[in-house]
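Okay, so here's the structure we're looking at.
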């Protein structure tokens with residue numbers, strides 16, 4: 001069965017892909033197929049949430065990485081010739097999609113943030129390039145047309161219809177790969193998921209030392225929000241966890257309110273806050289590029305401005 | 001002894017990109033080029049591994065003949081030699097083409113390990129590494145933050161969405177590395193001078209004996225715009241109070 005195929009390494013991201021996948025399948029008049037990793041029960045859920053067909057991949061052994069599925073996905077696509085394959089752009093998902101695309105000799109739009117069907121019934125895909133400075137619109141001349149979709153780009157399907165039926169098909173077997181998983185170290189829950197925060201206070205290089213994060217933390221707490229940072233704060237200085245940095249290679253966030261403290265506004269960072277509703281920034285350099293993409297900017301020393309804002313906001317709250 | 005290939009790309013410096021305010025088209029003709037930042041970590045890791053375990057590093061790039069300028073910079077970072085795959089036809093290559101050209105060029109080389117950056121500084125599609133591994137039929141691990149070699153096995157710590165996965169795979173293999181893996185050395189004058197004497201092998205499209213068709217078609221490229229209020233406030237107390245007032249009225253502070 002040709003049509004639209006979706007692959008995600010976890011359940012929530014698969015529901016997001018089922019939402020966009022269903023709409024693309026309906027527009028082009030084809031069927032929607034989801035992959036489920038090792039679990040028939042989940043496969044049935046995917047049908048209730050809009051899939052017409054589910055491919056059940058065999059469960060992985062403890063030492064088998066997710067990439068073990070690549071040959072099975074390639075083989076299934078060779079046999080059935082799907083029109084479109086969408087893959088959740090998790091770190092592993094991006095690698096798997098690139099390998100599947102290479103196996104099928106087809107094009108892949110990485111981290112696609114908008115999808116549409118054009119007048120030729122082809123998939124039109126948008127992605128950012130040049131560090132966020134430009135948006136590229138692409139079509140794929142080869143089959144299948146492939147894209148990876150960053151998590152949270154589309155809202156998950158919420159309507160469950162348990163009268164829906166579909167085909168559940170086991171595929172595989174999977175052969176062993178030379179890559180073995182020796183250990184898994186889940187991240188300590190140091191921080192919440194900033195992609196779901198309503199308010200974010202984000203720190204940049206203008207914050208002079210690690211101890212000063214408390215200033216920003218206090219403001220975040222007063223606003224009922226969370227703390228985030230730019231890439232150097234997490235990756236070079238290690239002041240904050242990896243999963244709290246915003247930007248092209250980090251998290252893309254969509255809070256109601258974003259306040260940037262001591263952030264210059266490099267495009268690689270600001271591309272991650274494009275979808276924030278209100279952007280505020282505090283920087284002592286009045287020519288900082290961040291002011292050009294801010295709704296409200298305060299030109300001033302964050303060490304004076306931030307404590308005053310925290311105090312004033314706390315006072316208002318009490319009222 | 002490790003034979004390592006470090007791949008790098010000569011990319012447009014996006015800080016030099018200007019935008020035509022009327023058409024929102026990009027003006028690229030005066031932009032400079034540089035080795036993609038992400039690839040500096042790939043070169044550094046290759047050189048550091050050969051220093052630790054013995055062996056040599058070959059830096060490889062694919063691009064237009066003008067990318068020749070990149071070789072001296074790449075070689076100054078420590079590799080013993082370079083392979084420069086270039087042709088006037090290699091303009092705006094997409095990841096599928098770059099990976100296929102690299103695979104064709106590398107397939108008759110001896111190597112134990114190929115290292116790529118996690119993505120390129122211009123397209124950041126993050127495909128070339130995994131695609132190249134697939135073409136060469138070797139195992140691959142992406143988003144790696146630590147590499148150890150034990151005999152003919154490579155142990156890698158790679159980032160995954162829920163944390164870290166430690167994997168092993170036999171050599172030859174391919175990894176793509178994250179910036180956190182090392183701190184690239186800054187080449188000194190001596191490195192730059194010795195770079196000019198290092199061997200460079202040139203490969204052109206006709207040497208590869210095949211053409212590499214694109215899969216994707218660009219419909220348009222437009223500058224991204226972020227239209228915001230751009231209202232500025234001073235740091236005086238009444239200004240800050242006005243700022244809070246504006247946030248309250250916008251409904252983002254309660």
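For this structure, a couple of remarks:
- Entry note, chain A: relative contact order of 15 percent, from Cα contacts under 8 Å with a spacing of 6+ residues.
- Fraction of beta bridges assigned by DSSP in the range B:2-208 that are antiparallel (%, nearest 5): 40 percent
- Kirkwood Rh in Å, taken over the range A:4-170 so that all alpha-carbon pairs contribute: 15.9 Å
- Value of D in µm² per second that Stokes-Einstein yields for the protein assembly as shown, Kirkwood Rh from Cα pairs, at 10 °C (1.306 mPa s): 63 µm²/s
- Helix A:302-318 axis versus longest C-alpha principal axis of chain A: approximately 80°, rounded to the nearest ten.
- Protection proxy ranking, highest mean first, for peptides B:77-86, A:169-178, B:177-186: B:77-86, B:177-186, A:169-178, where packing is the per-residue count of other beta-carbon atoms within 10 Å, averaged.
- Take each residue in B:9-21, count the other chain C-beta atoms within 10 Å of its C-beta, and the mean is 2.
- Each of A:239, A:5 has some number of other Cβ atoms within 10 Å of its Cβ, and from fewest to most they run A:239, A:5.
- Within 10 Å of each Cβ in A:296-305, the average number of Cβ atoms from other chains: 5
- Looking at the range A:4-170, the DSSP beta bridges with both ends there are about 30 percent antiparallel.
- Most simply put, the range A:86-203 has about 65% antiparallel DSSP beta bridges, counting only bridges with both residues inside it.
- Packing-based order for B:217-223, A:33-39, B:38-44, B:21-27, using average beta carbon neighbours within 10 Å, highest first: B:38-44, A:33-39, B:217-223, B:21-27
- Cα-based convex hull, chain A, per residue volume (Å³, whole number): 162 Å³
- Taking every alpha-carbon pair under 8 Å whose residues sit at least 6 apart, chain B reaches a relative contact order of 22 percent.
- The range A:194-318: relative contact order in percent, alpha carbon pairs under 8 Å with at least 6 residues between: 24 percent
- Helix content alone sets the calculated 222 nm mean residue ellipticity of the protein assembly as shown: runs of n ≥ 4 DSSP H residues at -39500 (n - 2.57) each, divided across all residues, give -8000 deg cm²/dmol.
- Per-residue shielding of B:241-252, expressed as the average number of other chain Cβ atoms within 10 Å of the residue Cβ, stands at 5.
- Highest to lowest packing among B:46-57, A:252-263, B:189-200, scored as the average C-beta count within 10 Å: A:252-263, B:46-57, B:189-200
Read-outs throughout are calculated quantities, based only on the coordinates presented, and are distinct from any laboratory measurement. Owing to the predicted nature of the structure, the values given are computational and were not obtained by experimental measurement. Here the Cβ is made from the backbone with ideal geometry for all residues, glycine too, and neighbour counts use every protein chain on show.
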